[in-house]
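First comes the structure, then the notes that go with it.
The values are calculated or read from the model by the stated rules, or taken from the named source; none is laboratory data. All values reported here derive from a predicted model rather than from experimental measurement. Glycine also receives a Cβ, built like all others from the backbone with ideal geometry; neighbour counts cover every protein chain displayed. The area values use the complete protein model at the heavy-atom level, side chains included, leaving out ligands, DNA and RNA. Shrake-Rupley method; radii C 1.70, N 1.55, O 1.52, S 1.80 Å.
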Amino acid sequence: MDRFIKGMEAEDLRVEVTDGYQDAGTFACEGRDRTQVHVHEKNKRVKHEPTAKELREKEQLPGTRIPKWDDVPTGELVLTPGGTVDFSSEQAFDQFIKKAVADVIEELARARKKREEEEAAQRHEWDCRMEAEHEKERVEAMHEAAASLQQYRILTDKIEEVRRFGRVPEDQSQVDQSFEEWLVWAEAQARRIHPLGS
């Protein structure tokens, strides 16, 4: 593992060991991307030979299960990524370490690509959401403008009716306000609500 770590560090990869609940292990890191690395011993499955004790227990308690297979260590180490460690010669081991480091670099490239694709998908989703929100605001603004235009037309019709009739309703006039002053005031009020401004 020491040679493997040194090989990764020679390629400017960082090695981190974490012990978090869901994130425990040894990781090769490059920027924001990382991949787990570990070593384990290979096992082989062999037929289980029941012991005398197991046979007695089975006889006394018929529900007792005797395993059919045993996993036996083989002495072969497996490095992930990398594969089965080749200890046949120093040269073979060096070649294995180079291949394992190359596999780590490949895994990190896949992790980076996956992260970048996820980030691009998130950006696209965000852009779509913002575009939909903007469109919703535009539609609402158009509806508000249409309602304001309708209110403006009602007011201008009312003002024209007052002009035609020649008298201001008592509840809308002020003391000492002339008919012409009221018309100027009423038209200003109508222009204030026009959706395109005054």
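Every condition in (1) among the aliphatic types (A, V, I, L, M); (2) outside any strand (DSSP E or B); (3) open to solvent by 50 Å² or more (accessible area, probe 1.4 Å); (4) touching a residue at least 24 places away in the same chain (Cβ under 8 Å) holds for Val72 except the one numbered (2).
Just checking, does segment 87-99 include any residue being closer than 30 Å to Met1 by Cα, touching a strand residue (DSSP E or B) at 6+ places or on another chain (Cβ under 7 Å) and open to solvent by less than 80 Å² (accessible area, probe 1.4 Å)? No; the residues of segment 87-99 include none that is closer than 30 Å to Met1 by Cα, touching a strand residue (DSSP E or B) at 6+ places or on another chain (Cβ under 7 Å) and open to solvent by less than 80 Å² (accessible area, probe 1.4 Å). If you filter segment 35-61 down to residues that are modelled with pLDDT of 85 or more and assigned to a strand (DSSP E or B), you find that the one that is farthest from Ile105 (Cα to Cα) is Lys47.
Screening the candidates Gln174, Gln150 for the property of being farther than 30 Å from Gly82 by Cα and over 51 Å from the mean Cα position of the chain (by Cα) yields one hit, Gln174.
Scanning segment 62-69 finds no residues that are at pLDDT below 85, more than 25 Å from Asp2 (Cα to Cα), assigned to a strand (DSSP E or B) and over 36 Å from the mean Cα position of the chain (by Cα). Is it fair to say Thr74 is under 23 Å from Ala10 (Cβ atoms), out of contact with any helix residue (DSSP H, G or I) (no Cβ under 6 Å at 6 or more places or on another chain) and modelled with pLDDT under 85? For Thr74, the condition - under 23 Å from Ala10 (Cβ atoms), out of contact with any helix residue (DSSP H, G or I) (no Cβ under 6 Å at 6 or more places or on another chain) and modelled with pLDDT under 85 - is not met.
Going by the conditions given, is Met130 within 42 Å of the chain's Cα centre (by Cα), at pLDDT 95 or above, among the aliphatic types (A, V, I, L, M) and surrounded by 10 or more Cβ atoms within 10 Å (Cβ to Cβ)?
Values: within 42 Å of the chain's Cα centre (by Cα): yes; at pLDDT 95 or above: yes; among the aliphatic types (A, V, I, L, M): yes; surrounded by 10 or more Cβ atoms within 10 Å (Cβ to Cβ): yes.
Here the answer is yes, as Met130 does meet what is asked.
Within segment 142-195, the only residue that satisfies the criterion of being open to solvent by 100 Å² or more (accessible area, probe 1.4 Å) and at positive phi is Asp176.
Using the structure shown, decide if Thr80 is under 15 Å from Met1 (Cβ atoms), modelled with pLDDT under 85 and open to solvent by less than 80 Å² (accessible area, probe 1.4 Å). Show your work before the answer.
On the way: under 15 Å from Met1 (Cβ atoms): yes; modelled with pLDDT under 85: yes; open to solvent by less than 80 Å² (accessible area, probe 1.4 Å): yes.
Yes, satisfied.
Can you tell me which residue among Val78, Val168, Val139 is in contact (Cβ under 8 Å) with a residue 12 or more places away in the chain, over 26 Å from Glu41 (Cβ atoms) and not charged (D, E, K, R)?
Val168
Can you find a residue in segment 25-33 that is open to solvent by 50 Å² or more (accessible area, probe 1.4 Å) and assigned to a strand (DSSP E or B)?
Initially, segment 25-33 is screened for residues open to solvent by 50 Å² or more (accessible area, probe 1.4 Å), giving 30-32.
Of the ones still in play, those that are also assigned to a strand (DSSP E or B) are 30.
Yes, because at least one residue in segment 25-33 is open to solvent by 50 Å² or more (accessible area, probe 1.4 Å) and assigned to a strand (DSSP E or B).
Arg3 fulfils the conditions (1) in contact with a helix residue (DSSP H, G or I) (Cβ under 6 Å, 6 or more places away or on another chain); (2) more than 30 Å from Gly82 (Cα to Cα); (3) open to solvent by 70 Å² or more (accessible area, probe 1.4 Å) except for a single criterion, (2).
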